[in-house]
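Here is the structure we will look at, set down as structure tokens.
The values are calculated or read from the model by the stated rules, or taken from the named source; none is laboratory data. Owing to the predicted nature of the structure, the values given are computational and were not obtained by experimental measurement. Every residue, glycine as well, gets a Cβ built from its backbone with ideal geometry; the counts of neighbours run over all protein chains shown.
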């Protein structure tokens, strides 16, 4: 079967591309220049002509400050584009999976939120992603809108977790926000769940994250360093300074504080297993260390002639 992936060069899309190929899919992964997400007519025509049985949208403008600086662009990419994809899939009969975010929640109250939780986004990014959810399901009620959070596990596109370990290996000082809570989720786990959702008949919103006790960025950093020690990369875990969300100077847009999402529907209802947040962090560190070792081996053996870190495998 042919699968069409938008945003295949990003942290999640890159791994989905790899997992889909390993699963026997024929993958179409257009670059932005080939199919601009801002051009909804061109986007619809591309989907209609693709012959894809599954369409997955991993693309978004996810930088909060970037969305605030250009809200029209954020609306076109995060809301209008997925709606155009969904409408085209309605005509072709393709399954459509659109990735959304925990930032559609306001995050004012602690605790995990299920799919029925009220959505009150507090920034332009969250507003545009919520509008994308609504427009997608209006265009195609059978579409899957999968909310993800804190994507990690792709060493070629390091997340905060991988970056913390790399900074520690370089002896740099470490700091992390301690009053914002959610779940890290591995790109490979998202990819496998997306393919399972595409193969099923569920339509609607589903939370697609790891599980367990909600973690702060500071918790994630300390657990990642602990995993690096256990896996022999560090002799001891260096200290991580605790920061307050309101005290981060380059965060000009507000961030929701409590956006951990309940996965009961995904796991118990749809039978798609996900690891705990702690296991996700440990796996991400292990993958990073193997990736760095492989990159060092390639560099030592071949030098830099024609090789980049992106040439290495992204999945097991």
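With respect to residue 94, is the statement that it is within 21 Å of residue 133 (Cα to Cα), buried (at least 17 other Cβ atoms within 10 Å of the Cβ) and touching a helix residue (DSSP H, G or I) at 6+ places or on another chain (Cβ under 6 Å) true? Spelling it out, it is not the case that residue 94 is within 21 Å of residue 133 (Cα to Cα), buried (at least 17 other Cβ atoms within 10 Å of the Cβ) and touching a helix residue (DSSP H, G or I) at 6+ places or on another chain (Cβ under 6 Å). Each residue in region 19-34 was checked for being more than 21 Å from the chain's Cα centre (by Cα) and surrounded by 13 or more Cβ atoms within 10 Å (Cβ to Cβ), and 1 pass. When you check residue 99 against the structure, is it out of contact with any strand residue (DSSP E or B) (no Cβ under 6 Å at 6 or more places or on another chain), at pLDDT 95 or above, closer than 18 Å to residue 5 by Cα and crowded, with 19+ Cβ neighbours inside 10 Å, yes or no? Here the answer is no, as residue 99 does not meet what is asked. In a residue-by-residue description of region 227-244, the property of being in a helix (DSSP H, G or I) and either under 19 Å from residue 102 (Cβ atoms) or under 19 Å from the mean Cα position of the chain (by Cα) (or both) applies to no position. Selection over region 95-116 of residues that are more than 18 Å from the chain's Cα centre (by Cα) and either at positive phi or free of Cβ contacts under 8 Å to residues at least 60 places away in the same chain (or both) gives a count of 3. The residue that is nearest to residue 216 (Cα to Cα), counting only those in region 153-176 that are in contact with a strand residue (DSSP E or B) (Cβ under 6 Å, 6 or more places away or on another chain) and buried (at least 23 other Cβ atoms within 10 Å of the Cβ), is 161. Scan region 286-312 for residues that are closer than 22 Å to residue 8 by Cα, modelled with pLDDT under 70 and assigned to a helix (DSSP H, G or I) and the total you get is 3.
Identify, please: which residue in region 44-53 is in a loop (DSSP other than H, G, I, E, B) and surrounded by fewer than 21 Cβ atoms within 10 Å (Cβ to Cβ) and is, among those, farthest from the chain's Cα centre (by Cα)? Spell out the reasoning first.
As a first pass, look at region 44-53 and keep what is in a loop (DSSP other than H, G, I, E, B): 51-53.
From what is left, the residues that are surrounded by fewer than 21 Cβ atoms within 10 Å (Cβ to Cβ) are 51, 53.
Details: 51: 26, 53: 22 Å.
Restricting to residues being in a loop (DSSP other than H, G, I, E, B) and surrounded by fewer than 21 Cβ atoms within 10 Å (Cβ to Cβ), the top hit is 51.
Regarding residue 79, is this residue surrounded by 17 or more Cβ atoms within 10 Å (Cβ to Cβ) and over 30 Å from residue 215 (Cβ atoms)? Step through it out loud before you land on a result.
Numbers: surrounded by 17 or more Cβ atoms within 10 Å (Cβ to Cβ): yes; over 30 Å from residue 215 (Cβ atoms): no.
Taking the combined requirement at face value, the residue does not satisfy it.
Has region 54-62 got any residue that is without any contact (Cβ under 8 Å) to a residue 40 or more places away in the chain, under 18 Å from residue 128 (Cα atoms) and not in a strand (DSSP E or B)? No, because not a single residue in region 54-62 is without any contact (Cβ under 8 Å) to a residue 40 or more places away in the chain, under 18 Å from residue 128 (Cα atoms) and not in a strand (DSSP E or B).
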